[in-house]
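Nothing in this text is a laboratory measurement; each read-out follows from the coordinates by a stated rule. It should be emphasised that the depicted structure is a prediction, and the values quoted were computed from it without experimental measurement. Positions of Cβ are backbone-derived with ideal geometry, glycine not excepted, and every protein chain shown enters the neighbour counts.
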């Protein structure tokens with residue numbers, strides 16, 4: 001269905017005898033910004049990797065943008081994995097050249113606009129960048145793509161407060177004029193809560209709770225309060 005971006009049914013994935021996903025069932029709305037929340041080991045990264053086809057389920061089914069993950073869907077997904085790194089022997093401008101050549105839907109003017117939000121200069125070498133600067137470059141390359149699905153796995157992890165604020169600002173600007181489904185996993189709930197239209201809470205490879213953020217806040221309080229109640 002056009003109003004559903006992701007559909008997962010009874011997914012099971014086991015690593016070394018431990019189930020990362022355990023009967024995982026979820027339907028996510030299209031053209032919304034969804035928070036994927038949960039403690040470490042809840043299954044968030046495995047879920048994201050399954051959407052991109054990097055990991056296959058042991059059983060169950062997954063549909064992304066109406067199709068099984070594969071070559072057809074990968075051209076429609078911009079994915080930022082956890083702990084992504086950039087090559088240190090390039091400048092920011094060369095990184096954008098790489099994106100324009102190899103990434104479907106890459107919008108070079110949009111990327112240059114995002115760099116201004118991120119406080120990065122075209123001639124800046126990637127080698128010697130701080131963790132926050134490198135994270136902002138990686139995110140720029142990802143969100144500058146005009147594709148239907150954007151998947152960001154812990155884009156704020158391990159970076160400074162100012163960098164996080166710049167990334168949130170860039171995300172808000174990027175999402176304001178595009179029809180795009182966005183999935184973001186994060187532990188920085190307080191700073192990012194205003195981004196989300198929909199929220200999914202994962203625990204032990206299952207969906208513990210999912211719903212519209214307005215309804216969740218009205219019934220249960222802020223997403224941070226709800227997170228503490230579920231996992232505290």
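Annotations
- Of all DSSP bridge pairs formed entirely within the chain, close to 60 percent run antiparallel.
- Taking all Cα pairs closer than 8 Å and separated by 6 or more residues, the relative contact order of the chain comes to 27 percent.
- Label-zone membership for the stretch 201-218, site residue 25, 7 angstrom Cα→C-beta point, backbone N under 12 Å: 207
- Helix-only mean residue ellipticity at 222 nm for the chain, each DSSP H run of n ≥ 4 adding -39500 (n - 2.57), per residue, nearest 500: -10000 deg cm²/dmol
- The fewest-to-most ranking of 142, 8 by surrounding Cβ atoms within 10 Å reads 8, 142.
- For a modelled paramagnetic label at residue 10, 7 Å from Cα along Cα-to-Cβ, the residues of the stretch 48-75 in reach, with backbone nitrogen under 19 Å, are 56-64, 68-69.
- Computed from the C-beta positions of residue 76 and residue 229 and an R0 of 45 Å, the FRET efficiency is 0.80 to the nearest 0.05.
- Were the residues from residue 85 through residue 122 laid out at 0.36 nm apart, the gain over their Cα-Cα distance would be 11.5 nm.
- Two-site label geometry, residue 218 and residue 107: point separation in nm, points 7 Å out along Cα→Cβ: 3.2
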